[in-house]
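The values are calculated or read from the model by the stated rules, or taken from the named source; none is laboratory data. Since this is a predicted model, take the numbers as computed values, not measurements. We place every Cβ from the backbone using ideal geometry, glycine too, and count neighbours over all the protein chains shown.
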Amino acid sequence: MTESNIKSIADILAAHPLFAGLDPEITDLLGGCAKNEHFSDGDYLFKADGPADTFYLVRSGDVALELRMPGRGRLTVQTVPAGHVAGASWILPPYRWRFDARAVGTVRATGIDATCLRNKCDANPSMGYQVMQRFLPIVAERLQSTRLRLIDLYAPPADVGRAL
Amino acid sequence: MDHAVVIPPEGLDDLIGILKTQGYQVWGARESDGALGLGPISSSSDLPRGRIESAEAGTVRLVDGPRDAIFDHTLPMQGLKRVVYPAQERLYVTGPDLAVKEEPVDAPPMAVIGVRSCDLAALDTLTTVFEGGPFIDRRYSQRRDALLLVAVNCMRPAATCFCASMNTGPRAESGFDLALDEVMDDGRHVFIVTAGSARGRKILDALSGQPASEADLAAALEGTRSCAEAQHRQMPAGAEDLLKRNYEHPHWAAVADRCLSCANCTMVCPTCFCGTVEDRSSLDGATAERWRRWDSCFGLEFSYLHGGSVRTETASRYRQWATHKLAHWHDQFGTSGCVGCGRCIGWCPVGIDITAEVAALAAQETSGTTADD
Amino acid sequence: MLPRPFKLRARRPELADTVTLELAAVDGQPLGFAPGQFTMLYVHGVGEIAISISGDPADSNSLIQTIRGVGAVSEALCSLPEGQMVGVRGPLGTAWPVERAVGKHLMVVAGGLGLAPTRPIIYWALANRDRLKSIDIVYGTRSPDQILYPQQLLGWSTTDDARVGVTVDRAGQDWTGRVGLVTDLVPTMLRDPAETVAMVCGPEIMMRFTAQALADAGVPQTDIHLSLERNMKCGIGWCGHCQLGPHLICRDGPVFPYPEVRDLMTVWEL
């Protein structure tokens, strides 16, 4: 893992769909909380129950959000592809991860220090609002995707309503 | 009208005689079980002379009319639909080898006396449905081509009629072979006969009658004019766009509170064409027959798809019927599907009036309310 | 319109409840079709249903139909022994407008069994690869055991001619692929939305959300096409069963440009 200087991280952040179009001062500020990381296939970006102190903008590769269930092994609940964000539990207390996040293949991601970001948002509410404005649609989309998967929309008629 | 001829009431039996000689089965309106139906007639005395409908929302009764006219009644319960599109028919028979034996169409020449302009318009639209698309229903064509139509221009409406507002009557303009105007004035009772086709003209020429005078023609036109004026029901203008704007309007639920989804309206409607096909096989499975029969969008299973129906509620089914008839028909077939015959109003057991429902929807849209009176 | 006798030449199980039938006309006349069209298949003594053709339009010597057994007729078709006869009426309906993709990026988005009516597009696209800018196949289904034509998806993904993205709604521990709704995958695979023609088929909700996701990403709505279905009895515009608003699905569809059906799809019980 190499640390790039803050300005080029800011460029990377500005280019990411989540932060595209933000004021340059804000992406500079964010850059101060961010660093580039590289994961190999099978590496964990974070683990369930761990402190939600770094979340990731996935730049290339896929990240699988997983749960381990006794007797059922490791289940992927959502794949986060490139251009998306892995990790939302940093926003709200108790700031602990609900799921494991595992690299599928090689993953390059920009890790953002959540504590650093939360402090900066507290200090600069305008920046905080803009960051939240970017983040909320991601969470909403994830919720929509989950809801649509819950209704089992591919179920053949005989299976509709059967306990999943 | 060019070349109109005046005949006395007895001339009708001459006409029937000519038609029979030419090989036509002759049909007309007949009274049976308190209602009017289309059936074979042997002479004009089989027609419901002096009888008229007392029709209102939810009720149709035959009563004695104010005068001894032959055609003051209006419509048989079902029009020509049953003749050109049987309620059920066998299409083919097949075995496991799929060697299909098509059922021939039995369509002897048939002359129908007393067809009203609304029913002619309905026949036109059925022809568009079955012959105007990429696939032509030749069974329909054979039955339609076997018809010779003697129209009667209505001189009085039933209370449920609204053909004037649908531009389908009361005067028949085309689609007939012969047309009759029954004129009773100054103690005289005559029929003014005109032709609408080449073969109609030949029959006209064979009838013995006097050429119609200007006064005769004026009397005929006055008859249909006053018939139109006497219609107090009308379909509000702009129904097509109104319905397309209001798929989600709460009014549909209000109608559904009354509608029994009994499908009477679709059975008596002369333009409703929805049907279904089904298999009937022998017990040993050796032969299967494919039958086609009428169906109704009011049926719950009509829209069945993937384990459930699309239209589960009466409200959506009533909306489907009304919107198809008055709006989507334009997109599909280029005209309104309603000909203003009013049968649905009379034959609905709870008296739902399609003209009143459209008017209610229009009023609520304008006022922004959702309350029904 | 009378059914033509076809013989069941071969049957191939695809999923637990889904079978592909290879049918051949008894009179030897091939049934030529355009991608997206369907036939009415008749089983003696049981009935008739509408099934989209899922074979290669350039090879009409056999009629290929993939069928899921969900009712009396479809189950009869799925369990029909080889050598038995099936009645066929068709081809019927409108076709995927594949020529609109020439010179552009073609994206096929299929959900569940929707890969069957879209497979003819893929055959056409691969045969016309040099006329297209790119081919992307995006497929989503319920779970890994429900993936249709898995060998073909694998084959397409390993050629240079097409890119394939597969995702499932949920999976067990043996699945190492993507998990998520197919609409999650679509934006990540779009190359140049303004120059993309998309063809979408699957459950109606999936098509609605996918079309919306494509439109939100910048694909022109007139370049998004869906294949709809409704109850069909005659398949030829006479019985009135298959209406969606003003459209007769059997005659004006089943393939529609998104703007023609977008508002109709959100009206309750239309």
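Annotation: of all residues in segment B:154-211 being crowded, with 17+ Cβ neighbours inside 10 Å and of a type in the set (Ser, Thr, Tyr), the one that is nearest to B:LEU15 (Cα to Cα) is B:THR194. Counting residues in segment B:350-372 that are touching a strand residue (DSSP E or B) at 6+ places or on another chain (Cβ under 9 Å) and not in a loop (DSSP other than H, G, I, E, B) gives zero. Within segment B:78-132, the set of residues being in contact with a His (Cβ under 9 Å, 6 or more places away or on another chain) and more than 14 Å from chain C (Cβ to nearest Cβ) comprises just one member, B:GLY114.
Once segment C:77-97 is narrowed to residues that are assigned to a loop (DSSP other than H, G, I, E, B) and more than 18 Å from the chain's Cα centre (by Cα), the residue that is surrounded by the fewest Cβ atoms within 10 Å (Cβ to Cβ) is C:PRO81. Any residue at all in segment B:285-297 that is of a type in the set (Phe, Trp, Tyr), more than 27 Å from B:MET166 (Cα to Cα) and more than 7 Å from every other protein chain (Cβ to nearest Cβ)? Yes.
Quick check, is B:ARG90 surrounded by fewer than 17 Cβ atoms within 10 Å (Cβ to Cβ) and assigned to a strand (DSSP E or B)?
yes
Out of the residues in segment A:26-62 that are in contact (Cβ under 8 Å) with a residue 40 or more places away in the chain and of a type in the set (Asp, Glu), which is surrounded by the most Cβ atoms within 10 Å (Cβ to Cβ)? So the residue we want is A:ASP62.
Please enumerate the residues belonging to segment A:64-108 that are of a type in the set (A, V, I, L, M, F, W, C) and within 22 Å of A:LEU30 (Cα to Cα). Talk me through it step by step, then tell me what you get.
Here is the first cut: in segment A:64-108, the residues of a type in the set (A, V, I, L, M, F, W, C) are A:64-65, A:67, A:69, A:75, A:77, A:80, A:82, A:85-86, A:88, A:90-92, A:97, A:99, A:101, A:103-104, A:107.
Within segment A:64-108, A:VAL80, A:ALA82, A:VAL85, A:ALA86, A:ALA88, A:TRP90, A:ILE91, A:LEU92, A:TRP97, A:VAL107 meet the criteria.
Consider C:SER60 carefully, then state whether it is out of contact with any Lys or Arg (no Cβ under 8 Å at 6 or more places or on another chain) and either acidic (Asp, Glu) or assigned to a strand (DSSP E or B) (or both). Against the criterion (out of contact with any Lys or Arg (no Cβ under 8 Å at 6 or more places or on another chain) and either acidic (Asp, Glu) or assigned to a strand (DSSP E or B) (or both)), C:SER60 does not qualify. Could you please let me know if B:SER45 is among the polar types (S, T, N, Q), away from chain C (no Cβ under 14 Å) and assigned to a helix (DSSP H, G or I)? Criteria met by B:SER45. Here the condition is being in a helix (DSSP H, G or I), under 12 Å from the mean Cα position of the chain (by Cα) and under 17 Å from C:HIS225 (Cβ atoms); of C:ARG119, C:ARG100, it holds for C:ARG119 alone.
Please go through segment C:186-195 and pick out each residue that is of a type outside the set (D, E, K, R) and either over 24 Å from A:LEU75 (Cα atoms) or more than 7 Å from chain A (Cβ to nearest Cβ) (or both). Outline the logic, then answer.
Here is the first cut: in segment C:186-195, the residues of a type outside the set (D, E, K, R) are C:186-190, C:193-194.
Within segment C:186-195, C:VAL186, C:PRO187, C:MET189, C:LEU190, C:PRO193, C:ALA194 meet the criteria.
Scanning segment C:181-192 turns up one or more residues that are in contact (Cβ under 8 Å) with a residue 24 or more places away in the chain, farther than 19 Å from C:ILE135 by Cα and either surrounded by 24 or more Cβ atoms within 10 Å (Cβ to Cβ) or in the same structural domain as C:ALA162 (by TED's automatic domain parsing) (or both). On the stretch given as segment C:148-185, residues that are within 11 Å of another protein chain (Cβ to nearest Cβ) and among the hydrophobic types (A, V, I, L, M, F, W, C) total 9.
Residue pairs whose Cβ atoms lie under 9 Å apart, separated by 6 or more positions or on different chains, with the first residue in segment C:246-265 and free of Cβ contacts under 8 Å to residues at least 12 places away in the same chain and farther than 20 Å from C:PRO117 by Cα and the second assigned to a loop (DSSP other than H, G, I, E, B) and among the small types (Gly, Ala, Ser), are C:ASP263/C:GLY245. Scan segment C:196-208 for residues that are at the interface with chain A (Cβ under 7 Å from one of its Cβ atoms) and β-branched (Val, Ile, Thr) and jot them down. The one that is at the interface with chain A (Cβ under 7 Å from one of its Cβ atoms) and β-branched (Val, Ile, Thr): C:ILE205. In segment A:115-126, the residues that are under 20 Å from A:ARG96 (Cα atoms) form Cβ pairs under 7 Å with partners that are modelled with pLDDT of 90 or more and buried (at least 16 other Cβ atoms within 10 Å of the Cβ), at six or more places apart or across chains, as follows: A:THR115/A:ASP53.
The combined condition, being part of a strand (DSSP E or B) and not aromatic (Phe, Trp, Tyr), is fulfilled by B:LEU149.
To keep it simple, each residue is scored yes or no on (1) farther than 22 Å from A:ARG96 by Cβ; (2) within 14 Å of another protein chain (Cβ to nearest Cβ); (3) out of contact with any Leu (no Cβ under 7 Å at 6 or more places or on another chain).
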{"position": "A:SER8", "(1), (2), (3)": "yes, no, yes"}
{"position": "A:PHE19", "(1), (2), (3)": "yes, no, no"}
{"position": "A:LEU22", "(1), (2), (3)": "yes, no, yes"}
{"position": "A:THR54", "(1), (2), (3)": "no, no, yes"}
{"position": "A:ALA64", "(1), (2), (3)": "no, yes, yes"}
{"position": "A:ARG68", "(1), (2), (3)": "no, yes, yes"}
{"position": "A:VAL77", "(1), (2), (3)": "no, yes, no"}
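Whether any residue in segment C:157-164 is farther than 30 Å from C:GLY93 by Cβ, of a type in the set (D, E, K, R) and assigned to a strand (DSSP E or B) is what I want to check. Checked against the condition, which is being farther than 30 Å from C:GLY93 by Cβ, of a type in the set (D, E, K, R) and assigned to a strand (DSSP E or B), segment C:157-164 yields no hits at all.
In the set B:TRP291, B:TRP347, B:TRP329, only one residue is aromatic (Phe, Trp, Tyr), within 19 Å of the chain's Cα centre (by Cα) and either over 20 Å from B:ASP124 (Cβ atoms) or surrounded by fewer than 20 Cβ atoms within 10 Å (Cβ to Cβ) (or both); that residue is B:TRP347.
Taken over segment C:209-259, the residue count meeting the criterion of being of a type in the set (A, V, I, L, M), away from chain B (no Cβ under 14 Å) and touching a strand residue (DSSP E or B) at 6+ places or on another chain (Cβ under 7 Å) is 7. Within segment A:109-149, the residues that satisfy the criterion of being buried (at least 18 other Cβ atoms within 10 Å of the Cβ), farther than 23 Å from A:LEU45 by Cα and either under 12 Å from the mean Cα position of the chain (by Cα) or within 14 Å of chain C (Cβ to nearest Cβ) (or both) are A:LEU148, A:ARG149. Within segment C:1-24, the set of residues being part of a strand (DSSP E or B), small (Gly, Ala, Ser) and away from chain B (no Cβ under 14 Å) comprises just one member, C:ALA10.
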